[in-house]
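For reference, the structure is listed below as structure tokens.
Nothing in this text is a laboratory measurement; each read-out follows from the coordinates by a stated rule. Small disclaimer: the values here were computed from a predicted structure and weren't measured. When we count neighbours, we look across all protein chains shown, and the Cβ atoms used for this are built from the backbone with ideal geometry, even at glycine.
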């Protein structure tokens, strides 16, 4: 049963009014690592599933219309993008949709999973940018303003860590392209499911001792 969604964006600024390049999201059962990994691997291999399926959402966003709305591009972020990998740039090539259409599609996709909690890597970046875009385009945001949850906090709470990631010994189940928004969302999902499993194992072990 899908109970968790991770969302990531790639943008041209760090402000809430940033131009959005892409939106990626992944839906999964946080208590089932094996199924989560199988779904990730399948999506990573199938471009059609990656664009829009029950568990994956990916949309390239038209930038011209956003600039006409007054959304922002920063010189620092432009310079940062020039330093990123060819694979990251390739993930941003393809047909782009108007931002209003991308947001409406994301809302429709999220509403197909009414019991899912929404997670971002940090609550003050991707979620805030998307909320600003929803307001600008007069579309109702599909999550409650107080319903954003943080991937980093969750992983640290489950693993007693302080980095927001699993230990460096963790190897993702697929070839992650950093700054591909769908890949980043899937990578967060896998780490969250593993963190959940590790915490469950630890709790079971403590209960057996008591």
Exercise. Where does helix 126-136 land angle-wise versus the long Cα axis of the chain, in degrees 0 to 90, nearest 10?
Worked result: 40 degrees
Problem set entry | Virtual spin-label span in nm between residue 80 and residue 53, 7 Å along Cα→Cβ | 3.0 nm
Exercise. Tell me, how many Å apart are the Cα centres for the stretch 66-89 and for the stretch 140-164?
Worked result: 26 Å
Problem set entry | Correct choice for Rg and Dmax of the Cα atoms in Å that was computed from the model, options (i) 16.2, 46; (ii) 17.3, 63; (iii) 19.8, 66 | (ii)
Seminar exercise, completed: Dividing the mean separation of Cα pairs under 8 Å (6+ apart) by the residue count of the stretch 4-209 yields a relative contact order in percent of 31 percent
Seminar exercise, completed: Helix-only [θ] at 222 nm, the chain, -39500 (n - 2.57) per DSSP H run of 4+, per residue, nearest 500, equals -14000 deg cm²/dmol
Problem set entry | Crossing angle, helix 99-111 versus the chain [Cα axis fit, 0-90 degrees, rounded to tens] | 20 degrees
For this session: Just subtract the alpha-carbon distance of residue 139 and residue 38 from 0.36 nm times their residue separation and send over the number in nm, one decimal.
Result: 33.0 nm
Problem set entry | Tilt relative to the chain, helix 181-209 - C-alpha long axis, 0 to 90 degrees, to 10 | 20 degrees
Exercise. Of the residues 189, 175, 18, which exhibits the maximal mean-square fluctuation in a Gaussian network model of the chain defined by a 10 Å Cα contact cut-off?
Worked result: 175
Problem set entry | Beta bridges by DSSP in the chain, antiparallel share as percent, to the nearest 5 | 60 percent
Exercise. How big is the equivalent ellipsoid of the stretch 47-120 along its three axes, where each semi-axis is √(5λ) from the Cα gyration tensor, reported in whole Å from largest to smallest?
Worked result: 25, 17, 13
